[in-house]
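Chemist: Pasting a structure here, questions to come.
The values are calculated or read from the model by the stated rules, or taken from the named source; none is laboratory data. A quick note: this is a predicted structure, and the numbers were derived from the prediction, not measured. Because the Cβ atoms are built from the backbone with ideal geometry, glycine has one as well, and the counts that use them run over all protein chains shown.
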Amino acid sequence: MNLRLCLAVFLLPAWAEAQTTLLNLWPGTPPGPAALVEGAERDLTKAEDKLIAGRPIIKLGHVSTPQIHVSLPPKDKANGGAVLICPGGGFSILAWDLEGTEVAEWLNSIGFAAVVVKYRVPTREHGDALNDSGTAPLKAVGPVMDAQRAISLTRAHAAEWGIDPDRVGILGFSAGGETAGLTTLLGGQRLYPALSPDEPSCAPDFTLLIYPGGFYDKESGGLKSHLKVTKDTPPMFFVMAQDDHVNPLNCTVLYTALTKEKVPAELHLFPRGGHGYGLRPTSEPVTLWPKAAEVWLKSLAAPDPALSQPKPVRP
């Protein structure tokens, strides 16, 4: 860990530092494809890297020990919900502050427990070929295993952390959005053998995907064939810009599939905004998305009767 990353940790607000819990996801070596690490986990940010909203970001790399970083909201704001956060980074690094810890702070401010998933990277070199079960590209298998385990572990600690185990969602950015989306569409189908007979469900109750990739099939023009949406898929929220170099059709094809199955979904598309803005405000309207997301998250507790449907039995 370099000096810059150390400072990012130690300069957290006092309340955040006091209420952050770190847990390893696995009791030993993680199952599935290992990250192709070189040396210790560290910040790979370079001085010449692009600034986001006038500030640099932490590019956390060479993660071989997946963890969750849990931040609980003040008790007078807590609403019992929890959101797991999957930072992006192209399956090469994790945009740790931009799409991780800054998001946790926002979620805490609106009453949600925030669980930042430090999933294994880099895995990009494992490629896009599907795993043996045909459910996920190899580069995403390890990260999805980590996200699934993170959901189960969060539910296991629900009573301790003041969380309703039926209100555990997932939010992902870019490659983290692909990870979160795959985790959602798999439902209770684990990519790893359960660690115990009573390991809690790994299926999220709701999902937010912010400029995600991995869903659009260029050849068919629709959703990739290994991705399955059913009537039991949970509600989803999308944000993307038309000028994003990651094709915005990644959102629209999944939104269309959800609509066909009558799964409640909310899609926000903007003409401009590019990629990788996180929650940092700029002059572009797309960066106002957290307000819309807050309204959507609160609507899950009191949904529009016109969109209501029976809650599926979690696998």
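Chemist: With the checklist (1) under 16 Å from the mean Cα position of the chain (by Cα); (2) assigned to a helix (DSSP H, G or I) in hand, flag the one item GLU125 doesn't pass.
Modeler: (1)
Chemist: While we're on this one: Determine whether VAL144 is buried (at least 18 other Cβ atoms within 10 Å of the Cβ), of a type in the set (A, V, I, L, M, F, W, C) and more than 17 Å from GLY32 (Cβ to Cβ).
Modeler: Considered against the rule, which asks whether it is buried (at least 18 other Cβ atoms within 10 Å of the Cβ), of a type in the set (A, V, I, L, M, F, W, C) and more than 17 Å from GLY32 (Cβ to Cβ), VAL144 comes out as no.
Chemist: Residues in the stretch 34-46 that are part of a loop (DSSP other than H, G, I, E, B), surrounded by 13 or more Cβ atoms within 10 Å (Cβ to Cβ) and touching a His at 6+ places or on another chain (Cβ under 9 Å): how many?
Modeler: So the count comes out to 5.
Chemist: Look at MET240 and say whether it is within 21 Å of THR183 (Cβ to Cβ), of a type outside the set (D, E, K, R) and touching a Ser or Thr at 6+ places or on another chain (Cβ under 7 Å).
Modeler: No: the conditions fail for MET240.
Chemist: While we're on this one: Scan the stretch 254-265 and give yes if some residue there is surrounded by fewer than 21 Cβ atoms within 10 Å (Cβ to Cβ), in contact with a helix residue (DSSP H, G or I) (Cβ under 6 Å, 6 or more places away or on another chain) and among the charged types (D, E, K, R), otherwise no.
Modeler: No, every residue in the stretch 254-265 fails to be surrounded by fewer than 21 Cβ atoms within 10 Å (Cβ to Cβ), in contact with a helix residue (DSSP H, G or I) (Cβ under 6 Å, 6 or more places away or on another chain) and among the charged types (D, E, K, R).
Chemist: OK, next. Quick check on this structure: which one of ILE163, ILE151 is of a type in the set (Val, Ile, Thr) and in contact with a Cys (Cβ under 9 Å, 6 or more places away or on another chain)?
Modeler: Of the residues listed, the single one that is of a type in the set (Val, Ile, Thr) and in contact with a Cys (Cβ under 9 Å, 6 or more places away or on another chain) is ILE151.
Chemist: Here's something else I'd like to know. Given (1) part of a loop (DSSP other than H, G, I, E, B); (2) in contact with a strand residue (DSSP E or B) (Cβ under 8 Å, 6 or more places away or on another chain), identify the lone condition not met by GLY213.
Modeler: Going through (1) part of a loop (DSSP other than H, G, I, E, B); (2) in contact with a strand residue (DSSP E or B) (Cβ under 8 Å, 6 or more places away or on another chain) one by one, GLY213 breaks only (2).
Chemist: So PRO73 fits all but one of (1) modelled with pLDDT of 95 or more; (2) in a helix (DSSP H, G or I); (3) touching a helix residue (DSSP H, G or I) at 6+ places or on another chain (Cβ under 8 Å); what number is the exception?
Modeler: (2)
Chemist: Go through the residues of the stretch 182-189 one by one and say whether even a single one is crowded, with 18+ Cβ neighbours inside 10 Å, in contact with a strand residue (DSSP E or B) (Cβ under 8 Å, 6 or more places away or on another chain) and under 27 Å from SER71 (Cβ atoms).
Modeler: Within the stretch 182-189 (the criterion being crowded, with 18+ Cβ neighbours inside 10 Å, in contact with a strand residue (DSSP E or B) (Cβ under 8 Å, 6 or more places away or on another chain) and under 27 Å from SER71 (Cβ atoms)), the answer is yes, since at least one residue qualifies.
Chemist: Consider ASP198 against the criteria (1) touching a residue at least 24 places away in the same chain (Cβ under 8 Å); (2) under 30 Å from ALA156 (Cα atoms); (3) out of contact with any Gly (no Cβ under 7 Å at 6 or more places or on another chain): it satisfies all of them except one. Which criterion is unmet?
Modeler: (1)
Chemist: Now a separate question. Listed residues PRO193, PRO212; which is surrounded by 15 or more Cβ atoms within 10 Å (Cβ to Cβ) and either modelled with pLDDT of 95 or more or out of contact with any Leu (no Cβ under 8 Å at 6 or more places or on another chain) (or both)?
Modeler: Matching residue, one of PRO193, PRO212: PRO212.
Chemist: Can I ask one more? Go through the stretch 64-94 and give me each residue that's more than 12 Å from the chain's Cα centre (by Cα) and more than 24 Å from ALA156 (Cα to Cα).
Modeler: GLY90, PHE91, SER92, ILE93
Chemist: Give the number of residues within the stretch 119-138 that are without any contact (Cβ under 8 Å) to a residue 60 or more places away in the chain and either more than 21 Å from LEU60 (Cα to Cα) or crowded, with 24+ Cβ neighbours inside 10 Å (or both).
Modeler: 4
Matching residues to (1) surrounded by fewer than 23 Cβ atoms within 10 Å (Cβ to Cβ); (2) assigned to a loop (DSSP other than H, G, I, E, B); (3) free of Cβ contacts under 8 Å to residues at least 12 places away in the same chain:
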| position | (1), (2), (3) |
| --- | --- |
| GLU48 | yes, yes, yes |
| ILE68 | no, no, no |
| LYS77 | yes, yes, no |
| LEU84 | no, no, no |
| GLY90 | yes, yes, no |
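Chemist: Hey, another quick one. Being without any contact (Cβ under 8 Å) to a residue 40 or more places away in the chain and crowded, with 18+ Cβ neighbours inside 10 Å is the requirement here; does LYS59 meet it?
Modeler: Yes, satisfied.
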